[in-house]
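Read-outs throughout are calculated quantities, based only on the coordinates presented, and are distinct from any laboratory measurement. In this text, all values refer to a predicted model and were calculated from it rather than measured experimentally. With ideal geometry, Cβ positions are generated from the backbone for all residues, glycine too; neighbour counts draw on all protein chains shown.
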Amino acid sequence: MPAIAPANRIHPLCYEHHSEMTVRELSSSENGVAYDCKEPHCFVSYSRSDGYFLNTQNQFIIKRCPIPPHQYCAHDRYPMYLLEVQPEHPNFRLWRCPHCSMSRLGGQLT
């Protein structure tokens, strides 16, 4: 059985800006941490339990933004995070499971 990746070892990228996201502690009523895009005026966030989501209650912004991608691990169904992109290959996307560290590349498991 694969080992669980520790919380401080995941480094999700913003799916809009492809930059590494920063850690934000969640309130005591929620478990763990979330990650936020560090670009100004970007509402993209990621959490291990919810995957990518828009961190705003503003319905106008939610309706205008693209729907966050949802990739799920084939092994344990956890929401995956974007680990790597390659600017020279615009279609390249490497996704990683925060729970078992399984990777998915362009819809294929690696």
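Just need the relative contact order of region 7-109 here, percent rounded to a whole number, with Cα pairs under 8 Å and 6+ apart.
Relative contact order here is 19 percent.
Could you work out how much longer the chain between V33 and S101 gets when fully extended? Use 0.36 nm per residue separation minus the Cα distance between them, nm to one decimal.
The V33-S101 span can extend by a further 22.7 nm.
Return M21, M102 ranked ascending by Cβ neighbour count within 10 Å, so the fewest neighbours appear first.
Starting with the residue having the fewest Cβ neighbours, the order is M102, M21.
Within region 11-110, report the trypsin sites (Lys or Arg not before Pro) that DSSP leaves as loop and that have at most 12 other Cβ atoms within 10 Å.
For trypsin sites (Lys or Arg not before Pro) across region 11-110 that sit outside H, G, I, E and B with at most 12 neighbouring Cβ atoms in 10 Å, the list reads K38, R77.
Taking neighbour counts of Cβ atoms within 10 Å as a proxy for exposure, in what order, fewest first, do S101, S47, S19 appear?
Lowest count first: S19, S101, S47.
How long is the gain from F92 to I67 if the chain were fully straight, where each residue apart is worth 0.36 nm and the alpha carbon distance is subtracted?
Separation in residues times 0.36 nm, less the Cα-Cα distance, equals 7.1 nm.
Among H17, H99, which comes first, then next, by fewest other beta-carbon atoms within 10 Å?
Lowest to highest Cβ neighbour count: H17, H99.
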